[in-house]
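Quick notes on the structure that follows.
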Amino acid sequence: MLFPDYRARRMRQSETFRRMVRETVLSPDDFILPLFVISGKGVKNPISSMPGHFQLSIDNLVKTAKEAWDAGVPGVILFGIPEKKDPLATSAYAKNGIVQRAVKELKNRIPDLAVITDVCLCEYTDHGHCGVVEKGIIDNDASLDLIARTALSHAQAGADMVAPSDMMDGRVAEIRDMLDENGLTHVPIMAYSAKYCSAFYGPFRQAAQSAPQFGDRRTYQMDPANAQEAIREVTMDVEEGADIIMVKPALPYLDVICRVRQEIDLPIAAYNVSGEFSMIRAAAQMGWIDGDKVMMETLISIKRAGADIILTYFATDAAKALNR
Ligand code: PBG
């Protein structure tokens, strides 16, 4: 069909027609809100690089999660800022750790909210790496047990789902075994499968106080140049028992989301990370872009690429905009 028989503009002439042929529709159901939890009472420390986001004590965390839930957001993912850090990240799997306490309180107060926990060691190690360090090297196999113990302690506290973000090889299987051996066969794993070594995590590391104290994460997170490798990473996690697989960051890796969608039939999550959020907020504050419109265009592009679930700091704002 060619012009003048076909005119692409015919179906664009009114909002009603545009609605009828719209291929991708966003819903609050698509979003998961990341939250940062810290000990104390009444704490709401602004994260300067992420306007509108805070390190929250549990009381304020409940309020913020309730606001998201009331806007229709089905889930939150928690990141903990512990009181003490050490080489073996003991606060990560402490029974009374900050995330474990936050999970209990959230499940008490908002029972139907899906409380997901990020499972990683970097916020809890004094060196800031996502695994155990031996002679300056991040030791994969020595890290697995600690990561699995962290996931177990989150699930025992009542987490609805655990989400390992460390990128150690074999951690999904290790977590699955640990959960199953402890009678937690019903707890799903959302694996950060294709997680790239990205400078877009900058604002998050300030928020979670988790920047590596030496070197970088290139020996475990993926090289931004690789897409084929993402398929191998994702396939590995599927075989190890992941229930949802994730691509992260989202925007610079829309091609990876799209490829993974073609290869894998599990639900796909995409993480619209801190740097992606902060760039939009900053440009909007400068008056250079329309922040709300760019937010919606960004989220729809991630869904159009093939994501079923979007982890995003825009979750509550976008859900409210969709409800209007
Ligand atoms: C922990 C973790 C990170 C993010 C999620 N989990 C940081 C990192 O890998 O350095 C980044 C999230 C964001 O930037 O919004 N490993």
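The values are calculated or read from the model by the stated rules, or taken from the named source; none is laboratory data. Since we're looking at a predicted model, the values are computed, not measured. Every residue, glycine as well, gets a Cβ built from its backbone with ideal geometry; the counts of neighbours run over all protein chains shown. SASA here: full protein model, heavy atoms, side chains in, ligands and nucleic acids out. Shrake-Rupley method; radii C 1.70, N 1.55, O 1.52, S 1.80 Å.
Total residues in region 299-324 satisfying the condition of being more than 24 Å from S165 (Cβ to Cβ) and either within 16 Å of the ligand (Cβ to nearest atom) or of a type outside the set (V, I, T) (or both): the figure is 6. Counting the residues of region 76-113 that are crowded, with 17+ Cβ neighbours inside 10 Å and of a type in the set (D, E) gives 1. A single member of Q228, Q209, Q213 is open to solvent by 10 Å² or more (accessible area, probe 1.4 Å), more than 10 Å from the ligand (Cβ to nearest atom) and on the phi > 0 side of the Ramachandran plot, and it is Q209.
Do we have any residue at all in region 265-273 that's out of contact with any Pro (no Cβ under 8 Å at 6 or more places or on another chain), farther than 24 Å from V25 by Cα and not aromatic (F, W, Y)? Within region 265-273, none of the residues are out of contact with any Pro (no Cβ under 8 Å at 6 or more places or on another chain), farther than 24 Å from V25 by Cα and not aromatic (F, W, Y). Residue count for region 196-206, restricted to those that are within 15 Å of the chain's Cα centre (by Cα) and either among the aromatic types (F, W, Y) or more than 7 Å from the ligand (Cβ to nearest atom) (or both): 7. Only a single criterion out of (1) assigned to a helix (DSSP H, G or I); (2) open to solvent by 10 Å² or more (accessible area, probe 1.4 Å); (3) more than 16 Å from the ligand (Cβ to nearest atom) is not satisfied by L266, namely (1).
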